[in-house]
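Working notes, structure below.
The values are calculated or read from the model by the stated rules, or taken from the named source; none is laboratory data. On a predicted model such as this, the values are computed, not experimentally measured, just so you know. When we count neighbours, we look across all protein chains shown, and the Cβ atoms used for this are built from the backbone with ideal geometry, even at glycine. All accessible areas refer to the heavy atoms of the entire protein, side chains included, with ligands and DNA or RNA removed. Shrake-Rupley method; radii C 1.70, N 1.55, O 1.52, S 1.80 Å.
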Amino acid sequence: MSEEVEELDELLKTFLNLEEIDVNIYRSTHLLPGRKDGRRVYGGQVVGQALMAANNTISSEFHPHSLHCQFIAPGDISRPIIYDVTRIRDGKSFCSRLVKALQNGTIIFTMIISFHLSEPDSIKHQEPLPELAHPDECEDATDFFKR
């Protein structure tokens, strides 16, 4: 494994790793500072950790396909974030989760996420592209317009 891949793997293990403290409740173990003053939590990490918390409550056969996030208040880098996952729906093809991120008993972030079971015969919303000639094989535009 290359050094770059090892560093990325270590970052994922460190900054997206959550401690399970109860059923559907997780706690952040490391927080990255944001850009403004260094005391606020980096928002992208909160999104990633919330996604990991939700993902811990579903079967590995499901994959995220839709999410909506709302940042409500800034997170404090000196305090852990608690992720409370509510199981909205567990269906055969879709699962939905609501994740609330809390600090000091206050919600700082919410995310609703939908997971979908990968299906080989999913609905297709577009026709396949037609077989076309390679651009080098096409008539020159100048010749086309002259003709």
Within segment 75-94, which residues are modelled with pLDDT under 95 and either β-branched (V, I, T) or in contact with a helix residue (DSSP H, G or I) (Cβ under 8 Å, 6 or more places away or on another chain) (or both)? G75, I77, I81
Looking at segment 25-39, which of its residues are surrounded by fewer than 17 Cβ atoms within 10 Å (Cβ to Cβ) and not in a loop (DSSP other than H, G, I, E, B)? I25, R27, P33
What about A133, is it small (G, A, S), farther than 21 Å from L16 by Cβ and open to solvent by less than 70 Å² (accessible area, probe 1.4 Å)? yes
Can you tell me which residues in segment 56-83 are of a type in the set (A, V, I, L, M, F, W, C) and assigned to a loop (DSSP other than H, G, I, E, B)? I58, I72, A73, I77, I81
Would you pick out the residues in segment 41-59 that are crowded, with 18+ Cβ neighbours inside 10 Å and over 27 Å from F94 (Cα atoms)? V41
Verdict on D9 being touching a residue at least 60 places away in the same chain (Cβ under 8 Å) and among the charged types (D, E, K, R): no
Testing V5 on (1) of a type in the set (V, I, T); (2) out of contact with any strand residue (DSSP E or B) (no Cβ under 9 Å at 6 or more places or on another chain); (3) modelled with pLDDT of 95 or more, one condition comes back false. Which one is that? (3)
If you check S114 against the conditions, is it under 19 Å from the mean Cα position of the chain (by Cα) and part of a loop (DSSP other than H, G, I, E, B)? no
Does segment 48-55 contain at least one residue that is of a type in the set (A, V, I, L, M), part of a loop (DSSP other than H, G, I, E, B), closer than 24 Å to L117 by Cβ and out of contact with any His (no Cβ under 7 Å at 6 or more places or on another chain)? no
State which residue pairs qualify: first residue under 21 Å from R39 (Cβ atoms) and free of Cβ contacts under 8 Å to residues at least 60 places away in the same chain and inside segment 50-75, second residue of a type in the set (S, T, N, Q) and surrounded by fewer than 15 Cβ atoms within 10 Å (Cβ to Cβ) in any location, beta carbons under 7 Å apart, and separation of 6 or more residues or different chains. A73/T106
With the condition kept exactly as written, say whether any residue in segment 95-116 is farther than 26 Å from R27 by Cα and either open to solvent by 50 Å² or more (accessible area, probe 1.4 Å) or modelled with pLDDT of 95 or more (or both). no
Of the criteria (1) in a loop (DSSP other than H, G, I, E, B); (2) over 24 Å from N55 (Cα atoms); (3) of a type outside the set (K, R); (4) open to solvent by 100 Å² or more (accessible area, probe 1.4 Å), which one P120 fails: (2)
Checking N104 against (1) in contact with a Lys or Arg (Cβ under 7 Å, 6 or more places away or on another chain); (2) at negative phi, which single condition isn't satisfied? (2)
